[in-house]
Structures are given as C-alpha cells and as structure tokens.
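Shown next, in structure tokens, is the structure this report addresses.
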Amino acid sequence: MTASGTSGHGAELAGYGRLSELGAVVVKSLSDEPWPGNPAPRLHPLSTAAAGMINSVGLQGPGIAHWLEHDLPELLDSGATVIASIWGGTVDSYRRAAGLLAHAPAEVAAVEVNVSCPNTDDGMRMFAHSADATAAAVEAAAGCGRPRWAKLSPNTFELTDVAAAAVAAGAAGVVLANTLSGMVIDIDKRRPALGARRGGVSGAALRPVAVRAVYDVRAALPAVPIVGVGGVGRGTDAVEMIMAGASAVQVGTAIFADPRAPWRVLHELRQWCEAHGVQKLDELIGAAHEP
C-alpha cells in the first residue's frame, strides 16, 4: 500500500503506475473540517539524503466532505482500493469525521484512525501516548461503518498496551509505526529548520524502530493483523517487516524520491519470494518469531 501523507488525497500517483495493482491507496489524513496545517518550511531532508526526512506538514487537508466530492471520484475511477485516514483534536472530532464516511462508496474498504501524528502545534501530546485516549478515539470512529485500523506511534514505551487497547475498542488491526518525533537545527540561521520547530522523522532512519514496533506488538498480540510502515524503500525492507509480523506493508517516504516506489517494492518482493522458494506470504509473516 501507499502510506498516508505521502501520495496526496486522490489519484496523484496514477501517472506512475496502475493504482489497482497495489493493495490499497491510503490517503492523507483528513479531519471533519478543512485544516490549514503548520507554517512553512514543512519538509527538511536528513543530513544523509538516503536516511529520509523530517516533516511538520501538520495534517493540512480540505476536510472529508470536500474529499468525498472532489478527490475520491477520480481515485475510484483509477480502480484503486481506498483506505481513508482520519484524525481529530478531540474524541468528538473523530466521531464527526467517521460519521462523514458512513455513506462513502464500498471501495473505501477501511478507515485508518490516525491517533499518532506528532505534527500538530501541540505535537508532544497525542492520543497514541495513552491507552485510554486511543481506545476512546477508536471507539468514537465506529460510525464509519467499516473496519478501523489504529495508526500508532513509536514514541511511547507503552506501545503494546496502547495496541491492545485499540483492539479492545474495536480496531480490526494496527498500523505500525508513524513518525519518530525529532528536530533539526539550521546552524546558519541558529533556529529550528522547520516552521513548527519539531517534526516527524521518516524514511530509512525510522525502519529499525518500526520493525521493532511490529515485532513487539506481534509478540504481545499474535492474532492481531499488523500493517508495517516506516522506511520501506526496497523489496527486502518489506520482507523484513513481514518477518517481524506484518501482514501487509506500506511505502511512504520513498515515494518523494521515486513516485514509482510502491510498484518497485512490490516487484522486488515478488522477485525475492521467487528466488527463495516462497509460495505464499503466510510463510513469512512473523517468521522471525519462530524458535
């Protein structure tokens, strides 16, 4: 799949490959109302470009009603399976956002409940830092009328407890993991490089953290489906996520450097499986947990 926040709200990637060939397109997180996001600058590459980037976009979006009318139709025309992603500043805002999706077309197969974005102006606090708050947000999103996936944060030592709370509240699976909270200083200007000061670290630098998150939650909750995300830029990265316990994988930051990355990763994953005699992904899911 594509990862939320990295391929826009609609069919922006359709010019680079058939969206119907991907597991799903996960759109950028949307709220019940339009949201302006954070001040510029919003993106900054890490010192080694291959390591990824730090961003503080701040969840800019047109709101769900606008998305349903203006962006979703073209995305559906492309043949994509769509995963909506929602966020909110309060439990009630999650409830309102989910309610707006209740009558979305069936091709919107699931709703990712993003409780973990650190890029709002009070970004050191988020629902995903609390099991109770996460459960409240996931439960409030039940009105969407389709499976809910809880997108969680690696920025907590209580990750497995938060994941368990999300599942108990009705999540059909969890997405691991969102960005790692960080900061970059512009040493020439002597101030933070991002307009919102702090941001979320993504890309290859995040991958070991995301793999650990997937592994830990798989060990604690072996029956819960996991979507692995964070620094996947090659087929072998996807293999690693799957062996850690992911049932599916999202490609995100790699798209900024190569918009064809999701298709390339999928192709490389198939090549790796063929070369290693793997007939079904079930043979790999959680394989790193075997004695």
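The values are calculated or read from the model by the stated rules, or taken from the named source; none is laboratory data. Note that this is a predicted model, so its numbers are computed, not measured. Cβ placement follows ideal geometry from the backbone for every residue including glycine, while neighbour counts extend to all protein chains displayed. These accessible areas exclude ligands, DNA and RNA; they are computed on the full protein's heavy atoms, side chains included. Shrake-Rupley method; radii C 1.70, N 1.55, O 1.52, S 1.80 Å.
Numbers for the structure displayed
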item: Selection within segment 37-59 - of a type outside the set (Gly, Ala, Ser), in a loop (DSSP other than H, G, I, E, B) and farther than 27 Å from Leu76 by Cβ; result: Asn38, Pro39, Pro41, Arg42, Leu46, Thr48
item: Yes/no for Ile187 being among the β-branched types (Val, Ile, Thr) and either farther than 20 Å from Glu290 by Cβ or under 14 Å from the mean Cα position of the chain (by Cα) (or both); result: yes
item: Residue within segment 71-86 that is outside any helix (DSSP H, G or I) and free of Cβ contacts under 8 Å to residues at least 40 places away in the same chain present; result: no
item: Boolean, Ser153 is touching a Pro at 6+ places or on another chain (Cβ under 8 Å), within 18 Å of Ala3 (Cα to Cα), among the hydroxyl-bearing types (Ser, Thr, Tyr) and assigned to a loop (DSSP other than H, G, I, E, B); result: yes
item: Failed item, numbered, when Ala196 is tested on (1) touching a strand residue (DSSP E or B) at 6+ places or on another chain (Cβ under 9 Å); (2) of a type outside the set (Ser, Thr, Tyr); (3) not in a strand (DSSP E or B); result: (1)
item: Top-ranked residue of segment 167-181 - restricted to ones that are part of a strand (DSSP E or B) and open to solvent by 20 Å² or more (accessible area, probe 1.4 Å), ranked as farthest from Pro222 (Cα to Cα); result: Ser181
item: Helices (runs of 4 or more DSSP H) fully within segment 206-291 counting 2 or more residues that are over 24 Å from Val111 (Cα atoms) and open to solvent by 40 Å² or more (accessible area, probe 1.4 Å); result: 207-220, 235-244, 261-275
